[in-house]
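**Q** Sharing a structure here in structure tokens format.
The values are calculated or read from the model by the stated rules, or taken from the named source; none is laboratory data. Please read all numbers here as calculations on a predicted model, not as lab measurements. Every residue, glycine as well, gets a Cβ built from its backbone with ideal geometry; the counts of neighbours run over all protein chains shown. In case anyone asks, the SASA skips ligands and DNA or RNA and just uses the protein heavy atoms, side chains included. Shrake-Rupley method; radii C 1.70, N 1.55, O 1.52, S 1.80 Å.
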Amino acid sequence: VFFHYDDSLRPALASVARYARIKQDVLARTEETAILVVDKSDKIFFPERRVLPELRTAGTYELIARLIERAPVYYFGVNLPPDALSWLNTERLSGGLKITLLKEYGYESLYRFAK
């Protein structure tokens, strides 16, 4: 219960500490008015930042295109392979919208949307 399973106390404490470090770094890199698109990390950044769930839906991409006119928009989630990042920038995002890598945190990264 305490030491031998992925959801036991020791790994859980390590995970909480890791996300506390990520949270502080992301908050330092993003504006107070920023919106973070997240897959499952809403509880890390809310209420300090506004969050929008699920990058990979058509509605989210359309919303990002409108939100970028009003506030900085970022994505925090799993690392995007170079071919996926290229596909987003050339095929999926429209209206001059681009996504760029800001910082990697192990298997997750922070990206910024910009026009």
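**Q** Assuming residue 72 fulfils every condition listed in (1) closer than 13 Å to residue 114 by Cα; (2) open to solvent by 30 Å² or more (accessible area, probe 1.4 Å) apart from one, which condition is it?
**A** So the condition that residue 72 fails would be (2).
**Q** I would also like to ask the following. Is there a residue being under 30 Å from residue 15 (Cα atoms), surrounded by 13 or more Cβ atoms within 10 Å (Cβ to Cβ) and hydroxyl-bearing (Ser, Thr, Tyr) anywhere in region 99-108?
**A** Yes: one or more hits.
**Q** So residue 38 fits all but one of (1) in contact (Cβ under 8 Å) with a residue 12 or more places away in the chain; (2) open to solvent by 40 Å² or more (accessible area, probe 1.4 Å); (3) touching a Pro at 6+ places or on another chain (Cβ under 7 Å); what number is the exception?
**A** Checking residue 38 against (1) in contact (Cβ under 8 Å) with a residue 12 or more places away in the chain; (2) open to solvent by 40 Å² or more (accessible area, probe 1.4 Å); (3) touching a Pro at 6+ places or on another chain (Cβ under 7 Å), the one that fails is (2).
**Q** Counting only residues that are modelled with pLDDT under 90 and part of a helix (DSSP H, G or I), how many does region 67-94 have?
**A** The number of residues fulfilling the criteria is 2.
**Q** Name every residue in region 75-89 that is under 20 Å from residue 30 (Cα atoms) and open to solvent by less than 40 Å² (accessible area, probe 1.4 Å), in order of residue number.
**A** If the condition is that a residue be under 20 Å from residue 30 (Cα atoms) and open to solvent by less than 40 Å² (accessible area, probe 1.4 Å), then 75, 76, 77, 80 are the ones that fit.
**Q** I need every pair where a residue in region 1-29 that is closer than 22 Å to residue 78 by Cβ has its Cβ under 6 Å from the Cβ of a residue that is surrounded by 13 or more Cβ atoms within 10 Å (Cβ to Cβ) and modelled with pLDDT of 90 or more, sequence separation at least 6 or different chains.
**A** 22/105; 26/110; 27/48
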